[in-house]
Amino acid sequence: MSYDPNNIFAKILRGEIPCHRVYEDEVAPAFMDVMPMVEGHTLVIPKSPSRNLLDAEAKVLGQTMAVVQRVALATKQAFGADGVQIRQYNEAAAGQSVFHLHFHILPVRDGESIRPHTGTMADHGVLAQHAALIRAALG
């Protein structure tokens, strides 16, 4: 299957859809997931178009993972998490629903449950507050 340049993340990259951005460099932006599974649920996507990990250029993948690590550390700090779960899905059979490579960063605390991705959007005021916490932790 080929890359669809009209997927929601491509539209975010082009500025057609707003997001609560926490970080951006020449490789990848990071922003809040609008349907968070935990407080602080953040996404990192490469600017370079690829459907998923299976067709991504190795150089872009490595550069994107450096952003994932940086944002994961900040997210863990910002939310006082005990750990961080990184999720990434490849193709519909594996749970991928947006066909642009992306990484989910989930800060988790001991004993806390991760909610399912239900399709219910979070309050944008709360997402803005969470984004500010992560930006502050990034320095």
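The values are calculated or read from the model by the stated rules, or taken from the named source; none is laboratory data. No experiment lies behind these values; they were computed from the predicted model shown. Ideal geometry is used to build each Cβ from the backbone, glycine not excepted, and the neighbour counts take in all protein chains shown. Keep in mind that these areas ignore ligands, DNA and RNA; they rest on the heavy atoms of the full protein, side chains included. Shrake-Rupley method; radii C 1.70, N 1.55, O 1.52, S 1.80 Å.
Since Phe31 meets every condition but one in (1) farther than 23 Å from Thr118 by Cβ; (2) surrounded by 16 or more Cβ atoms within 10 Å (Cβ to Cβ), which condition does it not meet?
Checking Phe31 against (1) farther than 23 Å from Thr118 by Cβ; (2) surrounded by 16 or more Cβ atoms within 10 Å (Cβ to Cβ), the one that fails is (1).
Across segment 90-110, which residue is most open to solvent (accessible area, probe 1.4 Å) among those that are in a loop (DSSP other than H, G, I, E, B) and of a type in the set (Gly, Ala, Ser)?
Applying the filter and picking the extreme gives Ser97.
Counting just the residues of segment 116-139 that are part of a loop (DSSP other than H, G, I, E, B) and either among the aromatic types (Phe, Trp, Tyr) or open to solvent by 50 Å² or more (accessible area, probe 1.4 Å) (or both), which one comes out modelled with the highest pLDDT? Spell out how you get there, then give the answer.
Pass one, segment 116-139, residues part of a loop (DSSP other than H, G, I, E, B): 116-123, 139.
If we keep only those that are either among the aromatic types (Phe, Trp, Tyr) or open to solvent by 50 Å² or more (accessible area, probe 1.4 Å) (or both) too, we end up with 116-118, 120-121, 123, 139.
Values: Pro116: 89, His117: 85, Thr118: 80, Thr120: 87, Met121: 93, Asp123: 97, Gly139: 94.
Step by step, filter segment 116-139, then rank; the result is Asp123.
Can you pull out the residues in segment 56-72 that are open to solvent by 70 Å² or more (accessible area, probe 1.4 Å) and in contact (Cβ under 8 Å) with a residue 40 or more places away in the chain? Even if it seems obvious, please write down each step before you answer.
We begin by selecting, within segment 56-72, every residue open to solvent by 70 Å² or more (accessible area, probe 1.4 Å); these are 57-59, 63, 65, 69-70.
The answer is Arg70, and nothing else.
Under the condition of being among the aliphatic types (A, V, I, L, M) and open to solvent by 20 Å² or more (accessible area, probe 1.4 Å), which residue from segment 37-55 is farthest from Gly119 (Cα to Cα)? Before the answer, list the steps.
We begin by selecting, within segment 37-55, every residue among the aliphatic types (A, V, I, L, M); these are 37-38, 43-45, 53-54.
So of that shortlist, the ones also open to solvent by 20 Å² or more (accessible area, probe 1.4 Å) come out as 53-54.
On the way: Leu53: 24, Leu54: 26 Å.
Per the stated criteria, the residue is Leu54.
Mind listing just one residue for me: the one in segment 35-73 that is out of contact with any Ser or Thr (no Cβ under 9 Å at 6 or more places or on another chain) and among the small types (Gly, Ala, Ser) and, of those, farthest from Asp4 (Cα to Cα)?
Ala66
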